[in-house]
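J.: Before I ask anything, let me first share the structure, which is written out below as structure tokens.
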Amino acid sequence: MTSWTLRDIPDQSGKLAVVTGATGGLGLETAMALAGAGAEVILAGRNPGKGRAAEAQIRARHPQANIRFETIDLASLAAVAAFSDAMLAAARPIDILVNNAGIMALPKRMLTPDGFEMQVGTNYLSHFALTGRLLPLLRAGQARVVQLSSIAHRRGTIRLDNLNAERGYKPFQVYAQTKLAMLMFAFELDRRSKAHGWGLTSVAAHPGVATTDIIANGMAPNPLVAWLSRTVIGVIGHSAADGALPQINAATAPNLAGGEYIGPQGWMEMRGPPGLAKAEPQALDRDVASKLWSASEDLTGVVYR
């Protein structure tokens, strides 16, 4: 696995893939790779203009790509429900779901329309709700479900009594919590799939340190800081295309087992080809994962059946 590249993606013809946050960065690279391997890909995002640009970019590289943009605002549970209802009405089994979209370390605490802290709502709770609403289609497709985590999970703690950071908001601390939550979600979904016979392969991935706009759009809103962050990442990390390889591997590698976690294999997992990544002990706490699951069902109103 240490030499795995895009050339190793098996033929994805006949498969339907949904990628959130697919209009730029890691999501676009993931959608590009899946479309190039023959999958039908839904680019799920909130900006139609970026969606059209992403479609054009993919078709420029893969003229026969079977792709389409669909609107979903992952800051809104109503938008997640509308997207899911349209998918359920179409009744097409889903083979791959990549929950990639995310925002990072907003300087000030902001709320979603549902009253969640913005990072918690966008990065984690919306993906929990989306996966649950799409569960009938995922079960029908015996789907591979990929949750995007981060090396930031190492510093994360699930604060069940303060999940939405009503008290003591710290931007990166909340971001780390969301990425820990995504990793725990992948592991807990795998356990529940096995227990209930859902037939999913639930896995997680992280990009290492990759050159995307997530820092510039979050904790570094001014051009100078954005430039500095990209410069540093360029030295210690790798490109968005290379950063997307772990989640592409997680979505397509044929022998991957449920509950696996994929990331770069270089120093501190910051860069390098994809392989098995290390989950910190807090990510493996089954009791906290179960309580987080229950809290997530209560907050989103989405119960997995």
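The values are calculated or read from the model by the stated rules, or taken from the named source; none is laboratory data. The shown structure was predicted, so the numbers you read here are calculated from the model rather than taken from an experiment. No Cβ is skipped: glycine too gets one built from the backbone with ideal geometry, and neighbour counts run over all protein chains shown. Each accessible area value is taken on the protein alone, full model and side chains, heavy atoms only, with ligands, DNA and RNA left out. Shrake-Rupley method; radii C 1.70, N 1.55, O 1.52, S 1.80 Å.
J.: For residues in the range 134-145 being open to solvent by less than 30 Å² (accessible area, probe 1.4 Å) and among the aliphatic types (A, V, I, L, M), which is farthest from the chain's Cα centre (by Cα)?
T.: The extreme case among them is Leu137.
J.: Hey, Ala210 hits all of (1) surrounded by fewer than 24 Cβ atoms within 10 Å (Cβ to Cβ); (2) at pLDDT below 95 but one; which does it fall short on?
T.: For Ala210, the failing item is (1).
J.: Just checking, which of Leu160, Leu148, Leu130 is surrounded by fewer than 20 Cβ atoms within 10 Å (Cβ to Cβ) and among the hydrophobic types (A, V, I, L, M, F, W, C)?
T.: Leu160
J.: Going by the conditions given, is Val120 under 23 Å from Ala91 (Cα atoms), open to solvent by less than 10 Å² (accessible area, probe 1.4 Å) and in contact (Cβ under 8 Å) with a residue 24 or more places away in the chain?
T.: Against the criterion (under 23 Å from Ala91 (Cα atoms), open to solvent by less than 10 Å² (accessible area, probe 1.4 Å) and in contact (Cβ under 8 Å) with a residue 24 or more places away in the chain), Val120 does not qualify.
J.: Would you pick out the residues in the range 1-24 that are within 20 Å of Gly266 (Cβ to Cβ) and in contact with a strand residue (DSSP E or B) (Cβ under 8 Å, 6 or more places away or on another chain)?
T.: Once the filter is applied, which keeps residues that are within 20 Å of Gly266 (Cβ to Cβ) and in contact with a strand residue (DSSP E or B) (Cβ under 8 Å, 6 or more places away or on another chain), the range 1-24 yields Met1, Thr2, Trp4.
J.: Gln177 passes all but one of (1) surrounded by fewer than 24 Cβ atoms within 10 Å (Cβ to Cβ); (2) touching a Lys or Arg at 6+ places or on another chain (Cβ under 7 Å); which number fails?
T.: Against the list (1) surrounded by fewer than 24 Cβ atoms within 10 Å (Cβ to Cβ); (2) touching a Lys or Arg at 6+ places or on another chain (Cβ under 7 Å), Gln177 comes up short only on (1).
J.: Here's something else I'd like to know. Just to verify a result, which residue in the range 148-190, among those that are part of a loop (DSSP other than H, G, I, E, B) and polar (S, T, N, Q), is farthest from the chain's Cα centre (by Cα)?
T.: Restricting to residues being part of a loop (DSSP other than H, G, I, E, B) and polar (S, T, N, Q), the top hit is Asn162.
J.: Name the pairs: first residue in the range 150-167 and on the phi > 0 side of the Ramachandran plot, second residue buried (at least 16 other Cβ atoms within 10 Å of the Cβ) and of a type in the set (A, V, I, L, M), Cβ to Cβ under 6 Å, at least 6 apart or on different chains?
T.: Ala165/Val174
J.: Can you list the strands (runs of 3 or more DSSP E) lying wholly within the range 1-115 that have 3 or more residues being open to solvent by less than 40 Å² (accessible area, probe 1.4 Å)?
T.: Counting at least 3 such residues, we get 16-20, 40-45, 96-99.
J.: Looking at the range 270-293, which of its residues are among the basic types (Lys, Arg) and buried (at least 17 other Cβ atoms within 10 Å of the Cβ)?
T.: Correct list: Arg271 only.
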